[in-house]
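Working notes, beginning with the structure itself.
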Amino acid sequence: MKTNSFKSTAALLAAGITLFASGQSAALTNKEIPTMTPTTKVTALLKSIETGDSAPVAFINPHKYIQHNLAVGDGLEGFGAVLKALPEGSARANTVRAFRDGDYVFTHTEYNFFGPKIGFDIFRFENDLIVEHWDNLQETPARLNPSNRSMIDGSTKIFDLDKTDENKKRVEQFIDDILVNGRMEKLASYFDGDNYIQHNPQIGDRLSGLGAALDAMAKQGITMKYDRIHKVLGEGNFVLVVSEGTLGGVHSSFYDLFRVEDGKIAEHWDTIEAIPPQSEWKNDNGKF
């Protein structure tokens, strides 16, 4: 008899997690894991949230899994508890972009995970196993943005691998100049004229669209302030920046993904997530 109940598959995953956490044997051991890159391991793990395949749990170090999603308990046990709490048949995970920067893999995924969301995930590897995880999730808007773009569509092709470091420095400087320090006189230097593709749900294409959105926010008394850059990760023409700041006075985490073309910012995706007060955290690792 074929069983596809999500409760069954979630229970299977959770059981696999429990075995690994307790040091017992499981379906896959490190020796049996096929040769896979860190990127393919991460995409398989994310997909297992939907499929219930317990095998990708073997890609996580059972003795060291540091969790920075503040709504999830630390370690594999916390991950398993979330899976068991998911409503039956609800989970979806469609990873649209996946990148690697040294020991880090970062992904851009369309989720249905306690409701539809767009998320960026970052995983850190040690000795071919995942040992740490960060993410930033935002509810999927009901409508496309003013330029009829979603938070997840757009370019996916990775190239200019030899320019990774150069592109990371360029994007980090943009965040520091414009969003941290407000040096707006430098804004135009980061773009090719008015050409700029935007996936933020509130902002339209073109540099002029960004300006119009910022003006509208100012008129409504909504302030957006980046205070600190925590991580800059990249592969080729894509760069992800993780920052901390405030939106409308609310302590927030900003994940911004940029596509760079010929040294200019050409396309942008983001997620913004409010950081809950520490009294509500389910782990003590912090958001960043």
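Pairs meeting the criteria (first residue in the stretch 44-68 and within 18 Å of Asn136 (Cβ to Cβ), second residue modelled with pLDDT of 95 or more and polar (S, T, N, Q), beta carbons under 7 Å, at least 6 apart or on different chains) are Leu46/Thr95; Leu46/Thr107; Leu46/Thr109; Ile66/Asn285; Gln67/Asn283; Gln67/Asn285; His68/Asn285. Applying a threshold of 8 Å to beta carbon distances and a minimum spacing of six or more residues, or different chains, the list of pairs starting in the stretch 141-169 at a residue that is over 17 Å from Tyr196 (Cβ atoms) and at pLDDT below 95 and ending at one that is small (Gly, Ala, Ser) and not in a helix (DSSP H, G or I) is empty. Please work out which one of (1) at pLDDT 95 or above; (2) part of a helix (DSSP H, G or I) is the condition Leu76 fails and give its number. All conditions are met except number (1).
Residue under question is Asn167, and the condition is that it be assigned to a helix (DSSP H, G or I) and either among the acidic types (Asp, Glu) or touching a strand residue (DSSP E or B) at 6+ places or on another chain (Cβ under 7 Å) (or both); does it hold? In short, yes. Condition check: buried (at least 16 other Cβ atoms within 10 Å of the Cβ), touching a residue at least 60 places away in the same chain (Cβ under 8 Å) and more than 25 Å from Glu110 (Cα to Cα). Does Leu137 satisfy that? Here the answer is no, as Leu137 does not meet what is asked.
So is Leu187 under 20 Å from Lys225 (Cβ atoms) and in contact (Cβ under 8 Å) with a residue 12 or more places away in the chain or not?
On the way: under 20 Å from Lys225 (Cβ atoms): yes; in contact (Cβ under 8 Å) with a residue 12 or more places away in the chain: yes.
So Leu187 fits the description; yes.
Note on the stretch 199-238: residues that are crowded, with 17+ Cβ neighbours inside 10 Å, within 12 Å of Pro146 (Cβ to Cβ) and either of a type in the set (Ser, Thr, Tyr) or under 17 Å from the mean Cα position of the chain (by Cα) (or both) amount to 3. Among all residues of the stretch 260-269, there is at least one that is among the acidic types (Asp, Glu) and assigned to a strand (DSSP E or B).
Please verify whether Ile178 is more than 23 Å from Asp53 (Cβ to Cβ), of a type in the set (A, V, I, L, M) and either part of a helix (DSSP H, G or I) or modelled with pLDDT under 95 (or both), treating the condition exactly as stated.
Spelling it out, Ile178 is indeed more than 23 Å from Asp53 (Cβ to Cβ), of a type in the set (A, V, I, L, M) and either part of a helix (DSSP H, G or I) or modelled with pLDDT under 95 (or both).
Annotation note: of Leu179, Leu233, Leu187, the sole residue that is farther than 15 Å from Phe254 by Cα and among the hydrophobic types (A, V, I, L, M, F, W, C) is Leu187. When the stretch 39-49 is filtered for residues that are modelled with pLDDT of 95 or more and either farther than 18 Å from Val96 by Cβ or among the aliphatic types (A, V, I, L, M) (or both), the ones remaining, listed by number, are Val42, Ala44, Leu45, Leu46. For the stretch 206-248, a tally of residues being at pLDDT 95 or above, under 20 Å from Gln138 (Cα atoms) and part of a loop (DSSP other than H, G, I, E, B) returns 0.
Residue count for the stretch 121-156 under the criterion of being over 14 Å from Leu257 (Cβ atoms), in a strand (DSSP E or B) and among the charged types (D, E, K, R): the result is 4.
The values are calculated or read from the model by the stated rules, or taken from the named source; none is laboratory data. Keep in mind that this is a model prediction, so the values were computed, not measured. Note that we place each Cβ from the backbone using ideal geometry, even for glycine, and neighbour counts take in every protein chain shown.
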